[in-house]
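The values are calculated or read from the model by the stated rules, or taken from the named source; none is laboratory data. All values reported here derive from a predicted model rather than from experimental measurement. So basically every Cβ, Gly included, is an ideal-geometry build from the backbone, and we count neighbours across all protein chains shown.
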Amino acid sequence: MTDDSHRGVEPRAPAEFGLVQAWWGDGKGKTTAAIGMGARAAGHGYRVHLLQFMKGGAASVEDVRGEYGAIEQIDGFSYEHTGHYGWHGFADGSDDDDHAAKARGGLERARDLLASAADADLTEPLALDGDPEAGIHMLILDEVLYAANRGLIDPAEVVGLLDSKPANLELVCTGGHERPAYLDDHVDLVSEVRKERHPIDAGQRARKGTEF
């Protein structure tokens with residue numbers, strides 16, 4: 001028998017949001033973990049937004065990623081993408097200056113979202129279908145740490161984002177293979193996702209449904 005009592009999520013406000021999380025490392029699963037956490041929060045009726053910095057596709061990865069279709073089915077969860085096609089530093093025909101320009105655009109968008117959240121009352125429920133500019137309870141900045149590691153944005157500017165965060169907003173930052181030591185005094189949770197083995201090292205290309 002299927003229990004449908006969880007269906008029809010009502011808008012609610014989190015009682016204990018307001019921390020800063022950082023997910024980094026050379027292992028697979030940082031974005032996956034962050035999106036899963038976003039889905040969990042949305043399932044409680046909280047308003048969640050995902051802003052992706054670096055996942056613009058590549059020769060082996062389609063522009064339309066599987067997480068977008070899933071997020072569109074979740075009330076209270078929205079997304080947008082600011083990254084350039086390809087990956088910075090890869091021989092994929094993409095221009096490094098274009099990557100930097102897109103990353104800076106993502107940074108400005110993150111600032112706008114944080115400013116809007118600061119103007120909203122995050123201790124109250126928010127419309128699940130409302131624009132993110134009307135306020136969000138959780139903001140996921142996917143691959144922002146990768147953009148900082150690659151020098152596309154200044155790590156000090158990432159710290160500035162964290163310092164401008166309103167008190168009741170849960171801020172989740174992901175990305176990068178290098179430890180973001182510059183965040184040490186600014187984050188509440190740090191998780192390293194470490195690779196022990198990855199099929200890409202044996203020549204396996206990114207697979208639809210697991211990597212995109």
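Overview of results
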| quantity | calculated |
| --- | --- |
| Matching residues, the stretch 144-174, being modelled with pLDDT under 95 and over 16 Å from residue 111 (Cβ atoms) | 146, 149, 150, 151 |
| Hey, residue 185 of a type in the set (Asp, Glu), farther than 29 Å from residue 113 by Cβ and without any contact (Cβ under 8 Å) to a residue 60 or more places away in the chain or not | no |
| Tabulated pairs, the stretch 152-171, first over 18 Å from residue 117 (Cβ atoms), second part of a loop (DSSP other than H, G, I, E, B), C-beta under 7 angstrom, 6+ apart or interchain | 152/88 |
| Residue list for the stretch 195-212, restricted to those being surrounded by 11 or more Cβ atoms within 10 Å (Cβ to Cβ) and either modelled with pLDDT of 85 or more or in contact with a Lys or Arg (Cβ under 8 Å, 6 or more places away or on another chain) (or both) | 195, 198, 211, 212 |
| Single residue of 126, 107, 122 found to be buried (at least 17 other Cβ atoms within 10 Å of the Cβ) and either in a helix (DSSP H, G or I) or under 14 Å from the mean Cα position of the chain (by Cα) (or both) | 107 |
| Looking only at the stretch 51-88, and only at residues there that are under 16 Å from residue 105 (Cβ atoms) and of a type in the set (A, V, I, L, M), the one that is modelled with the highest pLDDT | 51 |
| The stretch 66-77 residues that are among the hydroxyl-bearing types (Ser, Thr, Tyr), paired with ones that are outside any helix (DSSP H, G or I) and surrounded by 14 or more Cβ atoms within 10 Å (Cβ to Cβ) (beta carbon under 9 Å, 6 or more apart) | 68/79; 68/81 |
| Total residues in the stretch 131-150, condition closer than 19 Å to residue 41 by Cβ and in contact (Cβ under 8 Å) with a residue 40 or more places away in the chain | 10 |
| Residue list for the stretch 170-186, filter: buried (at least 20 other Cβ atoms within 10 Å of the Cβ), part of a loop (DSSP other than H, G, I, E, B) and either β-branched (Val, Ile, Thr) or more than 14 Å from the chain's Cα centre (by Cα) (or both) | 180 |
| Pairs, first at pLDDT 95 or above in the stretch 18-37, second assigned to a helix (DSSP H, G or I) and charged (D, E, K, R), C-beta under 6 Å, six or more apart | 23/30; 35/67 |
| Residue that is surrounded by the fewest Cβ atoms within 10 Å (Cβ to Cβ), among those in the stretch 156-169 that are among the small types (Gly, Ala, Ser) and assigned to a helix (DSSP H, G or I) | 156 |
| Residues of the stretch 37-53 that turn out to be touching a helix residue (DSSP H, G or I) at 6+ places or on another chain (Cβ under 7 Å) and hydrophobic (A, V, I, L, M, F, W, C), as a count | 4 |
